[in-house]
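The values are calculated or read from the model by the stated rules, or taken from the named source; none is laboratory data. The model shown is predicted, which means the values in this text are computed figures rather than measured ones. Heads up, the Cβs are rebuilt from the backbone with ideal geometry, glycines too, and the neighbour counts pull from every protein chain shown.
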Amino acid sequence: MATGKLTKAALLVSVFGAPLRVGDAAAQVSEGTSVTPAAASEMAQICPQGVGYPPENDWAGGPADQPRSAISGQPLIEQYRNGSLIASYTSFANQPGCVLAGDGTDYLNPASPAVSGCGPFTREHTYRLWAPGDMFYVYPAVYSGPYNQPWIGPQFDSFSDYEAGISHAPDNIVVQGVVQNDTRPVILLEGSASDNTLDQAPVYFDQSTGFVWDSVNVTAGAKVTAGKAGVYDLGASNLTLSNMRINGFQRAGVNGLFGAGQYSGGLTLNFVELDHNGGPDGPAHNAYIVASAVDPNFTVKMSHSWSHDAFYGHLFKSRAQNNVFTANYFQGGLPQPDRAQAEDYLLDIPNGGQVIARNNIFVKNQSGAGANAMSFTFLLEGVSDSRAQNVDLENNTFVSFAKTYDGSHVNYPFAFLYPNVVPNSPSWPANIPARVLKNAFVGYCTADTGDAEAYRGDIGVIESFLELTRSYALTTKVLASDAALAAMYTNYVPEVGTPYYSFLYGMTPVRTLATIGARD
């Protein structure tokens, strides 16, 4: 197989032409990196001096029609069990005046404690008000102050259970934001994170199983202090975060989402927006997930999500043992006022593991002096444990709006190992399977040198900005031969039918063409 070599001119003539429509016939490629005539012409203009790039942009501005955060409203949290309303709360945690029976019956009849000012997600020496399978509906309002910083973790039934250390961890509980008038509820951190969340974050997940947090945003106000993040995951098992925004925590210099390593099973993010989080000196990012210390098969899955405008750190950094990124939009930014640089890497997998990244859009802007060029990195910090290693990078689109990221160093899309090594080359470790296929590139200067910076995978296409639509589709379609690839690669997954990122919020479209790049 080719490792980044350009295909012959005769093949280019057969592949490139008018924009392809569904049902049209087109040549299929099964190896090599192709350059469209428009891209060849464009690179001749923009690459020697690094000028002539179009201005950076936020085409489509991320997902359209996403519900906004509430700016007013009366806090109300309704608790349902087996389809029936059993309690109504005005806060997530206990307020002064909260009265609990403490005899082991509170969770059977939580209405009375709720009326007295109790909340369902209080940390210290409290008695549970929930049972497995409960639903908590959160109505649009601003949930602020120390009593609206939920801690999700084990609680007791009675004082005798507390003395004996007998607790219950939340099991299959759902916190569901109610969207009304295109508005979501929001937890707003103004001032400091509270004692209820150990001063770490406005939302804290301790030991729990199958917890779902949906459609409740988490935002930092103008002046905040938090130890770790906007959302802190210490020990949840199979936690799901969906349909939410975590933003503004650069004001506290912390991560948007931070995983601390006592979790198990998996962490799933779906339709999550991460922005304006991170710190001026690191290691703070839009999202930072450390390896699980208790589960060697821990898996992070992120889909249909949008990470952008991290402050100094990465858009997503994961040390998890397994990672799956599907149909996401990683949008690099520009340096913010009084800063020399924006984010570093877009997606950083520093310790490797088993990684699948498919149908993602990576956009790198002029991130400033001192930043790092790469959009995707794998195993740059070395192996930290005995995890299996595998990298599968398919059908992504990489876009750069600058020849360099700091005025001198050339932008290139990805880096593998340190120093950078071309996958499957003689220097590549034999025990790390690597599949880098069908990725598309726009705005990257390249030469047919065969070195790591010029590497574009076994199959790829380089196109011009003129061939890039506002939704990051490519107008010059190049098809990959699924039949040929299925014969070449074990467990090859055809592209048709797999999901891609949509700029219309809540939509989950699927691929209908086997085109190279992240979108049809």
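Listing for the model above:
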item: Test: residue in region 70-85 that is under 29 Å from the mean Cα position of the chain (by Cα), within 16 Å of PRO170 (Cα to Cα), surrounded by 14 or more Cβ atoms within 10 Å (Cβ to Cβ) and not charged (D, E, K, R); result: no
item: Count - residues of region 142-184 that are assigned to a loop (DSSP other than H, G, I, E, B) and either free of Cβ contacts under 8 Å to residues at least 40 places away in the same chain or of a type in the set (S, T, N, Q) (or both); result: 6
item: Criterion: assigned to a loop (DSSP other than H, G, I, E, B), in contact (Cβ under 8 Å) with a residue 12 or more places away in the chain, under 27 Å from the mean Cα position of the chain (by Cα) and under 26 Å from THR326 (Cβ atoms) - qualifying residue of VAL436, VAL399, VAL461, VAL421; result: VAL421
item: PHE121 being part of a strand (DSSP E or B) and within 28 Å of GLY221 (Cα to Cα); result: no
item: Residue in region 276-299 that is modelled with pLDDT under 95 and either assigned to a strand (DSSP E or B) or hydroxyl-bearing (Ser, Thr, Tyr) (or both) present; result: no
item: From the options ALA320, ALA388, ALA371, residue that is among the hydrophobic types (A, V, I, L, M, F, W, C), over 24 Å from ALA236 (Cβ atoms), touching a strand residue (DSSP E or B) at 6+ places or on another chain (Cβ under 6 Å) and not in a strand (DSSP E or B); result: ALA371
item: Test: residue in region 170-191 that is surrounded by fewer than 22 Cβ atoms within 10 Å (Cβ to Cβ), over 27 Å from the mean Cα position of the chain (by Cα) and not polar (S, T, N, Q); result: no
item: Unique residue being at pLDDT 95 or above, within 25 Å of the chain's Cα centre (by Cα) and either under 23 Å from GLU56 (Cα atoms) or of a type in the set (Phe, Trp, Tyr) (or both) when the list is TYR505, TYR500, TYR472; result: TYR500
item: Residue check for SER14: of a type in the set (Gly, Ala, Ser), at pLDDT below 80 and farther than 30 Å from VAL115 by Cα; result: yes
item: Count of region 64-93 residues which are of a type in the set (S, T, N, Q), under 17 Å from LEU188 (Cα atoms) and in a loop (DSSP other than H, G, I, E, B); result: 4
item: Residue identified as out of contact with any helix residue (DSSP H, G or I) (no Cβ under 7 Å at 6 or more places or on another chain) and surrounded by 15 or more Cβ atoms within 10 Å (Cβ to Cβ) among GLY517, GLY497; result: GLY517
item: Count of region 472-494 residues which are out of contact with any strand residue (DSSP E or B) (no Cβ under 8 Å at 6 or more places or on another chain) and either within 17 Å of GLY32 (Cα to Cα) or exposed (fewer than 15 other Cβ atoms within 10 Å of the Cβ) (or both); result: 8
item: Members of region 329-347 found to be of a type in the set (Asp, Glu) and at pLDDT 85 or above, listed by number; result: GLU343, ASP344
item: Region 425-478, residues that are more than 22 Å from ASN365 (Cα to Cα) and of a type in the set (Val, Ile, Thr); result: ILE432, VAL436, THR449, ILE459, THR476, VAL478
item: Within region 404-423, tally of residues that are touching an Asp or Glu at 6+ places or on another chain (Cβ under 8 Å), surrounded by 14 or more Cβ atoms within 10 Å (Cβ to Cβ) and of a type outside the set (A, V, I, L, M, F, W, C); result: 2
item: Checklist (1) part of a loop (DSSP other than H, G, I, E, B); (2) closer than 21 Å to VAL178 by Cα applied to ALA201, failing item; result: (2)
item: PHE330 being in contact with a Leu (Cβ under 6 Å, 6 or more places away or on another chain) and either closer than 21 Å to ALA310 by Cβ or in a loop (DSSP other than H, G, I, E, B) (or both); result: yes
item: Which listed residue is without any contact (Cβ under 8 Å) to a residue 40 or more places away in the chain and either in contact with a helix residue (DSSP H, G or I) (Cβ under 8 Å, 6 or more places away or on another chain) or of a type in the set (Gly, Ala, Ser) (or both), from GLY230, GLY210; result: GLY210
